[in-house]
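Visitor: Take this structure, written in structure tokens, and hold onto it; I'll ask about it next.
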Amino acid sequence: MAATFSNLCNEFLNVVTDTYVFYLDAFKGLEMVRTDVEDRQEADQFSDDNSDVPYLKQYEEPVELHKLVQTNLGAFKKRNAEDGRNYEMLGNLCLVAIYSWWEDSFREKFATYLGKTKNEIKFPIMGDIRLLRIAIIHNTGVATEDCERCELLKWFKRGDRIVLTFENFERIILEIKIMLETFYMQSMIVGEE
């Protein structure tokens, strides 16, 4: 029975790890794209307000003609800067995805395996992620008073934008790994296996 519980822990860890690897790859990709555009901009001597730039086009004509996105080099560089909107969205989307997998799939699987209800399976890290997720989804990424109740992820006060730094996201992944290791060891001690 231990192998099955261990497999369940590993299955969730793999989902979390895959999300983290995606985050790292996308983080690096944003950095590379921004650097490439800045290098091209310098070489071609385009100003920040220029929008008719070959490397901003998804189609033959400027993006603006499609009325979906209006951008220029300055806006592109700003949203792809390390503290820009794309980095903010990347971290927040990954955090929301991890919590969704936990809440909508794995938490119930752990509960069923242990003969408990879903609400009996609680961990401080997942509770903290839940509070941040609620603020991201329901308060447009602005921390609420509830975010100040986080036990481990004490980074945001009411009114702060929830922007997860690289170090923040790394800490989240580490805390989830610790949670799973502790959860597995506790299940062995109390004879749940």
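The values are calculated or read from the model by the stated rules, or taken from the named source; none is laboratory data. Remember, predicted model here, so these are calculated numbers, not experimental data. Because the Cβ atoms are built from the backbone with ideal geometry, glycine has one as well, and the counts that use them run over all protein chains shown. Surface accessibility is based on the protein's heavy atoms, side chains included, excluding ligands, DNA and RNA. Shrake-Rupley method; radii C 1.70, N 1.55, O 1.52, S 1.80 Å.
Visitor: Of all the residues that make up the range 135-169, how many are in contact with a helix residue (DSSP H, G or I) (Cβ under 6 Å, 6 or more places away or on another chain), free of Cβ contacts under 8 Å to residues at least 24 places away in the same chain and within 15 Å of V96 (Cβ to Cβ)?
Guide: Adding up the residues that qualify gives 2.
Visitor: Considering only residues that are over 21 Å from D18 (Cα atoms) and over 12 Å from the mean Cα position of the chain (by Cα), which ones fall in the range 154-174? Steps first, answer last, please.
Guide: Going through the range 154-174, the residues over 21 Å from D18 (Cα atoms) turn out to be 154-162.
Passing the criteria: K154, W155, F156, K157, R158, G159, D160, R161.
Visitor: Could you tell me whether the range 25-38 includes any residue that is assigned to a helix (DSSP H, G or I), open to solvent by 40 Å² or more (accessible area, probe 1.4 Å), free of Cβ contacts under 8 Å to residues at least 24 places away in the same chain and within 25 Å of M179 (Cα to Cα)? Spell out how you get there, then give the answer.
Guide: Looking only at the range 25-38, we keep the residues that are assigned to a helix (DSSP H, G or I), and these are 25-38.
Now drop any that are not open to solvent by 40 Å² or more (accessible area, probe 1.4 Å), which leaves 25, 28, 31-36, 38.
After this cut, where a residue has to be free of Cβ contacts under 8 Å to residues at least 24 places away in the same chain as well, the list is 25, 28, 32, 35-36.
Restricting the remaining residues to those that are within 25 Å of M179 (Cα to Cα) gives 25.
Yes.
Visitor: I would also like to ask the following. Can you work out which of the residues in the range 3-24 that are open to solvent by less than 60 Å² (accessible area, probe 1.4 Å) and among the β-branched types (V, I, T) is farthest from K177 (Cα to Cα)? Even if it seems obvious, please write down each step before you answer.
Guide: To start, the set of residues in the range 3-24 that are open to solvent by less than 60 Å² (accessible area, probe 1.4 Å) comprises 5-6, 8-9, 12-13, 15-17, 19-20, 23-24.
Add one more test, that the residue is among the β-branched types (V, I, T), and what stays is 15-17, 19.
Values: V15: 12, V16: 9, T17: 9, T19: 13 Å.
Ranking the qualifying residues of the range 3-24, first place goes to T19.
Visitor: Residues E151, E175, E103: which one is open to solvent by less than 60 Å² (accessible area, probe 1.4 Å) and in contact with a Pro (Cβ under 9 Å, 6 or more places away or on another chain)?
Guide: On the way: E151 fails: open to solvent by less than 60 Å² (accessible area, probe 1.4 Å); E103 fails: in contact with a Pro (Cβ under 9 Å, 6 or more places away or on another chain).
Result: E175 is the single residue among E151, E175, E103 that is open to solvent by less than 60 Å² (accessible area, probe 1.4 Å) and in contact with a Pro (Cβ under 9 Å, 6 or more places away or on another chain).
Visitor: While we're here: Restricted to the range 121-145, and to residues that are open to solvent by less than 70 Å² (accessible area, probe 1.4 Å) and either among the acidic types (D, E) or touching a strand residue (DSSP E or B) at 6+ places or on another chain (Cβ under 7 Å) (or both), which residue is farthest from S105 (Cα to Cα)? Don't jump to the end; show me each part of the working.
Guide: Taking the range 121-145 first, the residues open to solvent by less than 70 Å² (accessible area, probe 1.4 Å) are 121, 123-129, 131-136, 139, 141-144.
Subset that is either among the acidic types (D, E) or touching a strand residue (DSSP E or B) at 6+ places or on another chain (Cβ under 7 Å) (or both): 128, 135, 141-142.
Details: D128: 18, A135: 21, G141: 24, V142: 27 Å.
Per the stated criteria, the residue is V142.
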